[in-house]
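The values are calculated or read from the model by the stated rules, or taken from the named source; none is laboratory data. Please read these numbers as outputs of a predicted model, since none were measured by experiment. Here the Cβ positions follow ideal geometry from the backbone for every residue, glycine too, while neighbour counts run over all protein chains shown.
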Amino acid sequence: MSIFKRPFQLCIVLIIALVGSVTVAQDSPSKLTVGTTYIIDVLNPTTSLYGYAQKGLFYETLIEAADGANVIPGLAESWSSSEDGLVWTFKIREGVTFSDGTPCTAVEAAWSLNWYIETSAPAIVSYLTNITAVEALDPTTLQITLSQPVPNMVTAKLLYAYILPPHIWQDIPPDEIGMYEDPSVTIGSGPYVMTDYQPGEYMILDANPNYWRGPAPVDQIVYREYGNEDALIQALQVGEVDYIYGVPFTGIPAIENDPNIQIDSALANKWSELSVNWTPDGTSPASLHDPIVRKAIDYSIDRQQIINIAYLGYALPGNAFITMGMGAFYNTDIGEIPYDIAQANQMLDEAGYVDSDGDGIREYSDGTPLEYRLMTDDSAAANFRIIQIISDGLADIGISAFPEVESTDSLIARQVDFDYDLIHWEWDTDADPHFLTSVFTCAEMQDGGWNDSGFCSPEYDALFEAQATALNPDERKDIIWQMQTIIAEERPWLILAYTDSISAYRKDRFIFDPLNAISTMKWALYTGFSQVSGS
Amino acid sequence: MIQFDYLFRKIVFALLTLAVIIVFNFFLFRILPGDPIKLLFRNPRMTKQAQETIRVQFGLDKPVWINTERLQSGDIGGIFDSQFGAYISNLFQGNLGISFAQRSSVNEILAERIWRTALLLFAGEVVAIVGGIIVGVVAAWRHGTWVDASALIIGLTTWALPTFFLGIILLVIARGVLPTSGMVEPGAAKEGTIEYWLDVGRHLILPATTLAVGSASAYMLIMRSSVVEVLAEDYILTAKAKGLSNIQILKNHALKNAMLPMVTIIALNLGYVVGGAIQVETVFSWPGIGRLIFDSVAKQDYPVLQGAFLLLAVSVILANLVTDVLYSILDPRIKAS
């Protein structure tokens, strides 16, 4: 696994030695150290499902994600589609090379897309459905043919289809591709190249001098991995790292008032929800099948307290399952969900859930008490605070729910077997709502799919099919708004909050210009940072 | 020197222990709830078909224990066409499998990590043994004085402190002065150069100290009571009567006998030190086996966990075997029993 390019290491040593002896601030190469608790496990882009920040720096795509659901041109300068939406033509940039100097044209782009489809590249092929042919008409023209028109061709399908140099990959037998882990797998046409990597320790990226948009202002990015969140926050405090993204909420108080640290937050496609299990063959109590009970639970949740205590203010109260971060797809007609204990109590009283034995807990008509298992996963310290607040709210409406923490894996196992009552989950996804809307379809209830609640409606499924082929953006938006209305009424998920993505950096050493960052990590690292002179 | 059947018995016992551990190791991780592939690919970017491909790639589509399907169809040979069968047959070929999370050979991952943990344990243990013995002997020699009392109080306190807690305290105290994470400054020096090893040394100070303090107090307490006991023996009085100097008495008469329990405790302690290494490596982000185990538990990376546990088990068994042999050399009475 050890990946070493000794000439590069030697260069770095020499550069540092030279810098040390010359000490002219303007001429020194700038180095941004990024702290994280997890760099990457698998470098191979065909199988790697994490480390998208680094992959965004190594590889490029035809079209790139920008803020919200917007996109900008990448290796493709422009694009157009035929009347029927079946044939897409992309004009590919001229003069682009991979970081190893080989050309990157429409030929390489066509090869990459075809290769992903032919070899069923696990991490990428799910995006490339409905593509029947990819062809390079000439080095600057790429043509993609679809089996049916899709609304998200530009906004979603091509955003992760990295264009790779064929000469690295084409001779690897298909069954060995997934296991191929040579450092050369990181070669792409992006703004940085990997020069050193020690798994579990660090990764060094140097600016690609031949990058077609121009070399990055920061010469070197060093990722450092820390064993725990406390050590990570402390590393920022003592200046061992310059930048952390995805700052854990529990780490915020320690750095909030530090004069050298700037905290930035932005609404992202992130949210938290409470899944309610009411599948017919699940193990949850029958009372959860009653929409009145689910509504009362929803009303008993003090979302503002969750935001204040668990997210330290870096979140907005949630209501629709499409996040505010998804822009126009978010249904603004869905009203705020009130925190109203009195009304929740009244609803339960009227529905006949009364505390007949005087123990403070209401009973269902068959005499069983309203007692639920309330769980969260152990991946973040904030999670326990959230279910504690939910549990307190439930106690106020005569429902007993003891908060429990389990490992992510055992919760997934519970979810797949529908062996739970209430589980709190934190989510993040792509900006295109296709995947998220698929979660509540009947099909996703089978074989360990994503539908964990028991909601299954032919009406919703028909809307899902309709949005998948609606080419008119307004039409698609209307359909997705309707889907949100249905889910908001049925409540398979109680949407708790839309959470911010939080980053923090050393402002005594770097200036971060959010205007240069276009919100994605690639752009934040490519042009967002510039070194404070003399630091 | 060593009786053959004594050694033989010990080796057979060690091999038996190893066999039990190998089987236990396999099932230990599989009784955990959940499914490693589900966890790895609980990701919208992964289609069900791709999940199945990977399940087959890692042999997770096969039954865990024995293949009853093939047995029922009359194929006796196919009974071990299972995850367990593959695990055992790979193990005998020296192949620990492929990591679910990292997609590379567990042998390579462990080889990369083991020497780092060995370095940390070695540094920590050397400091602990030398420091523990010296303080223990001094405390015993000054038995009942303030030196003894303070050594005892400090020893008991540090012994009772959880390793991770001590680590966090040291981390806060030393921050800004000593490096608190990792093994090297990324890219600062070329591997193998003097600068590189100096850098490793600087990064080693905090984790090794944390590890050493816990062990040292244990060694100190044992050494102290052991020396105190020996010093009360009649032969020490005889030595004094012969007019030997204090140093001579300590060196030739007291220490030799007091060292016996130390050998046992050092070997036994190895198992605990390994456990401590998991905590220390996590606190100080030391990229060794301990942190690998910590991360792999979260990811349910069975092959890595199996490999790492096997490695640890083998080292503890070996250490015990060596102790037994050493013990029989040091103490002639052992051989007879």
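All conditions in (1) touching a strand residue (DSSP E or B) at 6+ places or on another chain (Cβ under 8 Å); (2) free of Cβ contacts under 8 Å to residues at least 40 places away in the same chain hold for A:Cys442, with the sole exception of (1).
Only one of the listed residues (A:Glu404, A:Glu465, A:Glu459, A:Glu444) is at pLDDT 85 or above, surrounded by fewer than 22 Cβ atoms within 10 Å (Cβ to Cβ) and within 23 Å of the chain's Cα centre (by Cα). That residue is A:Glu444. Just to be sure I understand the filter: pairs with C-beta atoms under 6 Å, separated by 6 or more residues or on different chains, first member in segment A:208-223 and touching a residue at least 12 places away in the same chain (Cβ under 8 Å) and crowded, with 19+ Cβ neighbours inside 10 Å, second member among the basic types (Lys, Arg) and part of a strand (DSSP E or B). Which pairs pass? Listed pairs, sorted by first residue: A:Gln220/A:Lys31. Against the list (1) closer than 30 Å to B:Glu281 by Cβ; (2) in a loop (DSSP other than H, G, I, E, B); (3) aliphatic (A, V, I, L, M), the condition A:Ala254 fails is (2).
Could you check segment A:355-406 and list, in sequence order, the residues that are of a type in the set (Ser, Thr, Tyr) and over 30 Å from B:Ser296 (Cα atoms)? Those that are of a type in the set (Ser, Thr, Tyr) and over 30 Å from B:Ser296 (Cα atoms): A:Ser356, A:Tyr364, A:Ser365, A:Thr368, A:Tyr372, A:Ser391, A:Ser400.
Taking helices (runs of 4 or more DSSP H) as the structural unit, those lying wholly within segment B:240-337 and holding at least 3 residues that are within 30 Å of A:Ser379 (Cα to Cα) and within 14 Å of another protein chain (Cβ to nearest Cβ) correspond to B:255-283, B:289-299, B:302-330. Filtering segment A:119-139 to residues that are surrounded by fewer than 17 Cβ atoms within 10 Å (Cβ to Cβ) and either more than 14 Å from every other protein chain (Cβ to nearest Cβ) or over 28 Å from A:Thr429 (Cα atoms) (or both) leaves A:Thr132, A:Ala133, A:Glu135, A:Leu137, A:Asp138, A:Pro139. In segment B:87-108, the qualifying residues are those that are part of a helix (DSSP H, G or I) and crowded, with 20+ Cβ neighbours inside 10 Å, and the one that is nearest to the other protein chains (Cβ to nearest Cβ) is B:Val106. Filtering segment A:237-248 to residues that are in contact with a strand residue (DSSP E or B) (Cβ under 6 Å, 6 or more places away or on another chain) and more than 15 Å from B:Ala174 (Cα to Cα) leaves A:Val241, A:Asp242, A:Tyr243, A:Ile244, A:Tyr245, A:Val247. Of all residues in segment A:468-477, how many are buried (at least 16 other Cβ atoms within 10 Å of the Cβ) and modelled with pLDDT of 90 or more? Qualifying residue count, segment A:468-477: 2. Among residues of segment B:45-65 that are more than 8 Å from chain A (Cβ to nearest Cβ) and closer than 19 Å to B:Ile79 by Cβ, those with a beta-carbon under 8 Å from a residue that is part of a helix (DSSP H, G or I) and among the small types (Gly, Ala, Ser) at least six positions away or on a different chain give the pairs B:Gly59/B:Ala86; B:Lys62/B:Ala86.
Out of A:Asp452, A:Asp447, one residue alone is in contact (Cβ under 8 Å) with a residue 60 or more places away in the chain, assigned by TED's automatic domain parsing to the domain that holds A:Asp417 and acidic (Asp, Glu). It is A:Asp452. Between B:Leu171, B:Leu198, B:Leu152, B:Leu161, the distinction of being in contact with a Ser or Thr (Cβ under 7 Å, 6 or more places away or on another chain) and over 22 Å from A:Leu32 (Cα atoms) belongs to B:Leu171 only. Would you check if A:Ala231 is within 14 Å of chain B (Cβ to nearest Cβ), outside any loop (DSSP other than H, G, I, E, B), at pLDDT below 90 and in contact with a Ser or Thr (Cβ under 7 Å, 6 or more places away or on another chain)? Taking the combined requirement at face value, the residue satisfies it. The one condition from (1) in contact with a Pro (Cβ under 7 Å, 6 or more places away or on another chain); (2) within 14 Å of another protein chain (Cβ to nearest Cβ); (3) crowded, with 22+ Cβ neighbours inside 10 Å that A:Ile387 does not meet is (2). Among the conditions (1) within 14 Å of chain A (Cβ to nearest Cβ); (2) surrounded by fewer than 20 Cβ atoms within 10 Å (Cβ to Cβ); (3) part of a helix (DSSP H, G or I), the only one that B:His203 does not satisfy is (2).
Does A:Asp430 satisfy being more than 12 Å from chain B (Cβ to nearest Cβ) and among the charged types (D, E, K, R)? Against the criterion (more than 12 Å from chain B (Cβ to nearest Cβ) and among the charged types (D, E, K, R)), A:Asp430 does not qualify. Checked against (1) under 23 Å from A:Ile204 (Cβ atoms); (2) in contact (Cβ under 8 Å) with a residue 12 or more places away in the chain; (3) assigned to a loop (DSSP other than H, G, I, E, B), B:Pro186 passes all but condition (2).
Going by what's in this entry, would A:Asp409 be described as free of Cβ contacts under 8 Å to residues at least 12 places away in the same chain and of a type in the set (D, E, K, R)? Yes, satisfied.
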